[in-house]
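Structure first, then comments.
The values are calculated or read from the model by the stated rules, or taken from the named source; none is laboratory data. Keep in mind that this is a model prediction, so the values were computed, not measured. Reconstructed Cβ throughout: ideal geometry from the backbone, glycine too, with neighbour counts over all protein chains shown. Heads up: the accessible areas ignore ligands, DNA and RNA and are worked out on the full protein's heavy atoms, side chains in. Shrake-Rupley method; radii C 1.70, N 1.55, O 1.52, S 1.80 Å.
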Amino acid sequence: MHFPPWFKGAPRLMACLLGVTCLRLVSAGFPEPASLPSHPGLPDPLVFLSGKPVKTAREWERKRRPELQAMFQHYMYGDLPPKPSKMNFEIVSEHDDFLGGQGVLRCVRVTCGGSDATVIDLMVVTPKGAKGRVPVFLAMNFCGNHAVHADPRIPLTRGWLYTSCAGCVDHHATEASRGSQAKDWPIADILARGYAFATFCSTDVDSDRAEVSDGVRAAEARARGEAPVGPDRGTIAAWAWGFHRCVDYLVSDRRLDRRRIVAVGHSRNGKTALLAGAMDDRIAMVIPHQAGCGGTAPSRGTVGESIERINRAFPHWFNARFKGFTNNPARLPFDQHALVALMAPRPVLMSNAQDDQWANPSGQFEVLQAAAPVYQMLGAGGVATSSMPAHGVLVRSRLGYYIRPGKHSMTADDWRVFMDFADVHLRAGGQ
Ligand code: GCU
């Protein structure tokens with residue numbers, strides 16, 4: 001059969017136009033968890049669910065990648081909410097004397113939707129006097145933008161916060177919360193190295209309580225005329241949607257380079273950063289820091305957190321179907337290397353700490369190796385080394401890895417490694 005030349009691009013165009021709707025259509029025919037075959041090892045990302053091999057890069061891009069994106073939503077994270085038809089970016093304030101005049105602070109209110117909108121406070125800091133558009137790190141934080149820097153002009157987070165966030169009273173920020181995490185967010189160094197920095201708080205999108213759904217998932221349920229969805233609602237996918245809505249703003253800010261947006265997150269926020277990148281090509285690089293189970297560590301792993309444990313402790317992070325794999329992770333038709341492969345050919349840095357065995361650093365290294373065949377098929381290299389690097393040594397290949405001594409935390413020194421990795425991949429070619 002002969003097709004006109006324009007027909008070749010049609011499936012991709014359709015996929016773009018239909019977006020999530022298209023992925024939902026694909027997912028409709030997937031088998032129930034109990035009837036999936038058991039794969040004790042990591043399933044080959046270059047084999048379709050049907051068992052057919054992926055033979056070309058084009059087949060990966062057009063067929064296998066959408067199949068995996070649909071399967072991760074169907075079996076694990078739940079569907080990402082669609083992009084609201086109405087979005088509004090309000091510049092609440094702008095200050096060009098931030099950090100003693102080193103940067104420009106812009107506080108943006110990202111309103112996602114109409115009358116029942118989810119509202120995200122996004123803080124954007126750009127280096128003052130930069131020539132041309134600058135690359136930007138977009139990080140999701142735990143304790144509010146006001147905790148990342150003490151400047152009193154940063155609005156306090158409006159909603160619920162974790163009790164562990166310093167200065168919070170009754171789960172709400174107070175003036176005493178300002179700057180409580182500033183030492184871990186080296187904004188001045190980030191600007192000095194020519195990057196912009198943007199951040200938002202996860203709890204603007206979903207407040208991370210199994211028993212209370214109050215964010216975008218609750219709004220989705222209200223729109224369907226239903227009661228809020230409880231602990232099977234898929235909070236990580238909701239947070240990833242939050243990343244995407246912030247990216248909607250970033251690509252509209254003419255001071256920033258829309259081709260060089262890096263998504264960063266620590267731990268549960270790192271799981272989210274990886275999912276956000278896997279589902280949105282506008283994200284040029286991801287740094288899931290100490291993300292572990294449900295993110296960068298294998299679900300079939302035997303070190304640290306298991307999916308049985310994560311489903312029990314944080315049921316709301318995933319959907320109901322994922323609970324069907326609790327006692328049988330070998331039936332998962334993918335593992336987390338396939339999520340990493342969805343980033344291909346874009347760079348991914350997994351960074352870790354030796355004492356954080358809960359996040360299974362060595363299992364993460366195996367995940368990275370197992371994603372490499374997809375990168376290789378796309379001509380993007382893989383992991384530069386086949387054995388775990390020494391502590392403090394950054395593996396700089398497109399699939400990057402880092403492990404340092406110490407515990408579960410994200411520090412200013414970790415950020416220096418993130419920037420070293422970004423320098424290699426985003427500044428190549430003298431941009
Ligand atoms: C818990 C959880 C991890 C998660 C971590 C965090 O330890 O078990 O999966 O990464 O919290 O987000 O800090």
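Numerical summary
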| read-out | value |
| --- | --- |
| For A188: the one exception among (1) out of contact with any strand residue (DSSP E or B) (no Cβ under 6 Å at 6 or more places or on another chain); (2) open to solvent by less than 50 Å² (accessible area, probe 1.4 Å); (3) part of a loop (DSSP other than H, G, I, E, B) | (3) |
| Flag if A344 is open to solvent by less than 30 Å² (accessible area, probe 1.4 Å), farther than 27 Å from E32 by Cβ, within 16 Å of the ligand (Cβ to nearest atom) and aliphatic (A, V, I, L, M) | no |
| Only listed residue being in contact with a Gly (Cβ under 8 Å, 6 or more places away or on another chain), free of Cβ contacts under 8 Å to residues at least 40 places away in the same chain, open to solvent by 10 Å² or more (accessible area, probe 1.4 Å) and not aromatic (F, W, Y), chosen from E211, E226 | E211 |
| Hits in the range 330-341 - residues which are out of contact with any Ser or Thr (no Cβ under 9 Å at 6 or more places or on another chain) and either assigned to a helix (DSSP H, G or I) or crowded, with 24+ Cβ neighbours inside 10 Å (or both) | H337, A338, A341 |
| Residues of the range 201-234 classified as under 18 Å from T163 (Cα atoms) and outside any helix (DSSP H, G or I), total | 11 |
| V383 vs. criteria part of a helix (DSSP H, G or I), more than 16 Å from the ligand (Cβ to nearest atom), aliphatic (A, V, I, L, M) and within 15 Å of V348 (Cβ to Cβ) | no |
| Residue match in the range 165-174 (condition: among the hydroxyl-bearing types (S, T, Y) and without any contact (Cβ under 8 Å) to a residue 24 or more places away in the chain) | yes |
| Test: residue in the range 313-329 that is within 16 Å of the ligand (Cβ to nearest atom), β-branched (V, I, T) and open to solvent by 10 Å² or more (accessible area, probe 1.4 Å) | yes |
| Pairs where the first residue, in the range 262-273, is under 13 Å from L339 (Cβ atoms) and within 9 Å of the ligand (Cβ to nearest atom) and the second is at pLDDT 95 or above and not aromatic (F, W, Y), C-beta under 6 Å, 6+ apart | G270/P288; G270/H289; G270/A291; G270/G295; K271/I236; K271/A291; K271/G294; K271/G295 |
| Residue that is most open to solvent (accessible area, probe 1.4 Å) [pool: residues in the range 107-134 that are under 18 Å from P155 (Cβ atoms) and free of Cβ contacts under 8 Å to residues at least 40 places away in the same chain] | R109 |
| So A240, is it more than 16 Å from the ligand (Cβ to nearest atom) and assigned to a helix (DSSP H, G or I) | no |
| Restricting the range 214-223 to residues that are under 22 Å from the mean Cα position of the chain (by Cα) and within 19 Å of H244 (Cβ to Cβ), the residue that is most open to solvent (accessible area, probe 1.4 Å) | E220 |
| Scan of the range 293-312 for residues that are of a type outside the set (V, I, T) and near the ligand (Cβ under 8 Å from one of its atoms), ordered by number | C293, G294, G295, E305, R309 |
| Close pairs (6 angstrom Cβ cut-off, 6 or more residues apart or separate chains): open to solvent by 10 Å² or more (accessible area, probe 1.4 Å) in the range 403-424, modelled with pLDDT of 95 or more and assigned to a helix (DSSP H, G or I) anywhere | M410/D184; T411/D184 |
| All positions within the range 384-431 that are out of contact with any strand residue (DSSP E or B) (no Cβ under 7 Å at 6 or more places or on another chain), more than 19 Å from L368 (Cβ to Cβ) and of a type in the set (K, R) | R416, R427 |
